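The values are calculated or read from the model by the stated rules, or taken from the named source; none is laboratory data. All values derive from a computational prediction rather than experimental measurement. Cβ placement follows ideal geometry from the backbone for every residue including glycine, while neighbour counts extend to all protein chains displayed. These area figures cover heavy atoms from the full protein model, side chains too; ligands, DNA and RNA do not enter into them. Shrake-Rupley method; radii C 1.70, N 1.55, O 1.52, S 1.80 Å.
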Amino acid sequence: MHRIMQQTANLSDKTSVGTSEMKRLTTLILGGILCLSFASCELLEPGDIVNPNVDEEAFLQSPNAMQTWVNGTEKNFALGIGAYCQLMEILSDNYYNNYSRSSNVFDFPRLLGTDDDVKDLQRYVGNMREAADYAFNKVARYDKNFTDEEKFKLYYIKAYSFILSGEHFTGLPITDGGEVKPWNEHLQLALANLDHALPLAGTDADRAFIHTLKARTYYRLGDKANAVAEAEASLTASADYVKQVVFDGDNGVNNVAQEAIWGNWFQPLPRLDFLDPKYFMIKSNEQRPICIAKAEENHLILAEAALADGNVTAAKQILHRLLALVNARPVQTNLDDHLEGRFNGGTKHYPNSSEYVVAASSDDPFRSGLVLGRQTPHLISVPYISGTSVSGDMIDRCTTVDETLELVYLMRQEIFMAEGRRVADLGIRMPVGDVEAAHTPSARGYTEAMIPPFIPLNHGLDDFTMDEATRRVTITYNMNRVIVKNKNSEYVAPFFH
């Protein structure tokens, strides 16, 4: 199995970062891009080479220690987000791993505490949290030039680590070497850190970002009133903001989700073909950013809340506003994707012509425009912030809560495509890693993955039939309808139970 996180995987034999490992975490961060922008930094030898003799104490005594640490923490945050996007996309019904250079069991889905990818994802959230704590508890004692902007970044990174833990694991430690706590406690800790971040937000966009993360967290907790209040506060602060993590191809800070998607390892579910590739390369070493929050999420939360109240009319009005926002988002035009043959030596052929029509299930109508023709001389256009196949007419035709809710989940799937968000909507959670389980008695209740009984196994999430003669593709499971049918279960649609 291809290991996508070697830098972090070697931090420790534990699945969370212990106190004794902080020097190694320091070394990891210092070994990255930390001082590249500081010509006078004492951590550099002549010629801008990182000094291999720098230890933790020398780092802490150096000029700009906090700025250096925050830069490194941001770098590792970006790498973690990329890893989550890559693996969560194949764990969902968005993408199928049609190649071999990534997990071949997440597609099943098979989620074990012995899986290196499961443990690496756990390490990433632990490292985000510990890097932020190290800044507050250690670096700040040496470098008094600790700006509000730096504090803001560290608080939201720490909060995001708890959001990822709460959305994707049954339970994890909340401190290094601490007891394993259930997912909902992680989300409560995310809220506490977001409360610290909010007064430090320097712009309306930053305030909208924090309010959106709070709305997202309350949403997952099923707290409709607070989720709605935060979503409205975000849209009041900024109606169209986007928050992204950025990468640096010139310095090896790469978006591994881009490597898999632009590199043709993954194939999208045919009805999502028109959204692929969200991450592309039009110049050498280009590494596309990943959205971690955007205004669209607030409309989706408000629409679902209205439907939980039985108000179809209000939900449809919200969806029309959302559609206007999505349609105003930028699109990459004239993209040459002719090397994408929708097979590329993989195990499964995918439709590769705009002549194909796609049905979301055998009970759904066939729709055109979902599959793009990519072969020479065709150039394609792809939305890279948000896109959707939903039209105003589709919204208007909805008459019931369930019909409209299914459309909400289709829009969630399309708008968050390639951002690692779909798995949480499907109710799938990973177990705690086996090493953590062996060392922490409280982990024993969290060693099994949560895979809802309505999730199809044996690659069923990605299954479809394709008739090359008639150019018709039928998806086996319309998972948005499955979500709606199970909306009162404990696993999905948190406002409905």
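Overview of results
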quantity: Qualifying residue in the stretch 364-375 (condition: modelled with pLDDT of 95 or more, open to solvent by 40 Å² or more (accessible area, probe 1.4 Å) and within 27 Å of ALA293 (Cβ to Cβ)); calculated: no
quantity: Candidates PHE152, PHE136, filtered to the one that is more than 18 Å from the chain's Cα centre (by Cα) and surrounded by fewer than 20 Cβ atoms within 10 Å (Cβ to Cβ); calculated: PHE136
quantity: Filtered residue count, the stretch 250-267, keeping only those that are open to solvent by less than 20 Å² (accessible area, probe 1.4 Å) and in contact with a Lys or Arg (Cβ under 9 Å, 6 or more places away or on another chain); calculated: 8
quantity: The lone exception for PHE247 - which of (1) farther than 23 Å from GLU414 by Cβ; (2) surrounded by fewer than 19 Cβ atoms within 10 Å (Cβ to Cβ) it fails; calculated: (2)
quantity: Unique residue being free of Cβ contacts under 8 Å to residues at least 40 places away in the same chain, under 24 Å from the mean Cα position of the chain (by Cα) and over 18 Å from GLY222 (Cα atoms) when the list is PRO453, PRO431; calculated: PRO453
quantity: Meets criteria (open to solvent by 10 Å² or more (accessible area, probe 1.4 Å), within 30 Å of HIS349 (Cβ to Cβ), of a type outside the set (Val, Ile, Thr) and at pLDDT 95 or above) for PHE274; calculated: yes
quantity: Lone unmet requirement of (1) out of contact with any strand residue (DSSP E or B) (no Cβ under 6 Å at 6 or more places or on another chain); (2) farther than 25 Å from ASN478 by Cβ; (3) small (Gly, Ala, Ser); (4) open to solvent by less than 30 Å² (accessible area, probe 1.4 Å) for ALA305; calculated: (2)
quantity: Subset of the stretch 55-80 (residues that are open to solvent by less than 40 Å² (accessible area, probe 1.4 Å) and either at pLDDT below 90 or outside any helix (DSSP H, G or I) (or both)); calculated: GLU56, PHE59, SER62
quantity: Scan of the stretch 91-105 for residues that are open to solvent by less than 10 Å² (accessible area, probe 1.4 Å), at pLDDT below 95 and out of contact with any Gly (no Cβ under 6 Å at 6 or more places or on another chain), ordered by number; calculated: ASN97, SER102, SER103
quantity: Residue check, ARG321 open to solvent by 10 Å² or more (accessible area, probe 1.4 Å), part of a loop (DSSP other than H, G, I, E, B) and out of contact with any Cys (no Cβ under 6 Å at 6 or more places or on another chain); calculated: no
quantity: Qualifying residue in the stretch 281-292 (condition: open to solvent by 50 Å² or more (accessible area, probe 1.4 Å), closer than 30 Å to ILE163 by Cα and touching a Phe, Trp or Tyr at 6+ places or on another chain (Cβ under 6 Å)); calculated: yes
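A quick yes/no check of all residues on (1) part of a helix (DSSP H, G or I); (2) surrounded by fewer than 22 Cβ atoms within 10 Å (Cβ to Cβ); (3) not basic (Lys, Arg):
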residue: MET417; (1), (2), (3): no, no, yes
residue: GLU448; (1), (2), (3): no, yes, yes
residue: LEU461; (1), (2), (3): yes, no, yes
residue: THR465; (1), (2), (3): no, yes, yes
residue: TYR477; (1), (2), (3): no, yes, yes
residue: SER489; (1), (2), (3): no, yes, yes
